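First up is the structure itself, then whatever we jot down about it.
The values are calculated or read from the model by the stated rules, or taken from the named source; none is laboratory data. Everything quoted here is computed from the prediction, not taken from an experiment. Note: ideal-geometry Cβ built from the backbone for every residue, glycine included; neighbour counts use all protein chains shown. The protein model used for the area step is the full one, side chains on, heavy atoms only, and it has no ligands, DNA or RNA in it. Shrake-Rupley method; radii C 1.70, N 1.55, O 1.52, S 1.80 Å.
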Amino acid sequence: MVRTAVIFGGLVFALLVPAGLVVQKEHVLRSGTPVLLELAPVDPRSLIQGDYMVLDYAISRERDANPVTTAKDGNMVLRLDANGVGFFVRFDTPGTPLAPGELKLRYRLRKERFRLGAEAFFFQEGHADRYEGARYGELRVADSGSSVLVGLRDAQRQPLGR
């Protein structure tokens, strides 16, 4: 009887956790603020995973990551220009309110590089040419700073691959 309850409880837990993550990402997609981040040069291709593009954001390269003074996990504050492109303003400190036009973006500092959570964009095999002109990553960003990559944009900020 106890064994059955443990197995059932484990199964419920194993199903609820991924479902909760999906619901969270769907909420960010529906209600998140659209943000464009400039991409740094990347190299697409993976023999095992198929065609994809490794994304490296210019904002990640511009910031000097000092592991002594920069938190390993936190939020950076961005300001959006008239075209919706995000630019670094400062690192978020708890209790400091955001100014109008600012938003938080969650980061993780790994090997002195800022990771924003969307470092790869997968696409159908043979469609690499559709994404060669990518200059911006299009993200949806929630008030909490969590983000979801929704697509890539060209130099004129037009969607690619659609």
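Condition first: surrounded by 15 or more Cβ atoms within 10 Å (Cβ to Cβ) and either over 20 Å from the mean Cα position of the chain (by Cα) or charged (D, E, K, R) (or both). Now tell me which residues in the stretch 87-97 satisfy that.
D92
Provide a single number: the residues in the stretch 100-119 that are open to solvent by 40 Å² or more (accessible area, probe 1.4 Å), of a type outside the set (D, E, K, R) and either in contact with a Leu (Cβ under 7 Å, 6 or more places away or on another chain) or farther than 20 Å from A134 by Cα (or both).
The number of residues fulfilling the criteria is 2.
Take the residues in the stretch 123-162 that are part of a strand (DSSP E or B) and more than 14 Å from the chain's Cα centre (by Cα); name whichever of them is surrounded by the fewest Cβ atoms within 10 Å (Cβ to Cβ).
Initially, the stretch 123-162 is screened for residues part of a strand (DSSP E or B), giving 136-141, 147-153, 159.
Subset that is more than 14 Å from the chain's Cα centre (by Cα): 153, 159.
Values: R153: 21, P159: 12.
Among residues in the stretch 123-162 that are part of a strand (DSSP E or B) and more than 14 Å from the chain's Cα centre (by Cα), the one surrounded by the fewest Cβ atoms within 10 Å (Cβ to Cβ) is P159.
Checking A58 against (1) within 16 Å of E38 (Cα to Cα); (2) open to solvent by 40 Å² or more (accessible area, probe 1.4 Å), which test does it fail?
With respect to (1) within 16 Å of E38 (Cα to Cα); (2) open to solvent by 40 Å² or more (accessible area, probe 1.4 Å), A58 is out only on (2).
A82 passes all but one of (1) touching a residue at least 24 places away in the same chain (Cβ under 8 Å); (2) among the aliphatic types (A, V, I, L, M); (3) exposed (fewer than 13 other Cβ atoms within 10 Å of the Cβ); which number fails?
Exception for A82: condition (1).
Being of a type in the set (D, E, K, R) and at pLDDT below 70 is the filter; apply it to the stretch 27-54 and report the residue that is most open to solvent (accessible area, probe 1.4 Å).
Restricting to residues being of a type in the set (D, E, K, R) and at pLDDT below 70, the top hit is R45.
Taking the conditions exactly as written (under 16 Å from A71 (Cα atoms) and in contact with a strand residue (DSSP E or B) (Cβ under 8 Å, 6 or more places away or on another chain)), does L105 satisfy them or not? If you could, list the steps in order and put the result at the bottom.
Values: under 16 Å from A71 (Cα atoms): yes; in contact with a strand residue (DSSP E or B) (Cβ under 8 Å, 6 or more places away or on another chain): yes.
When the stated conditions are applied, L105 passes them.
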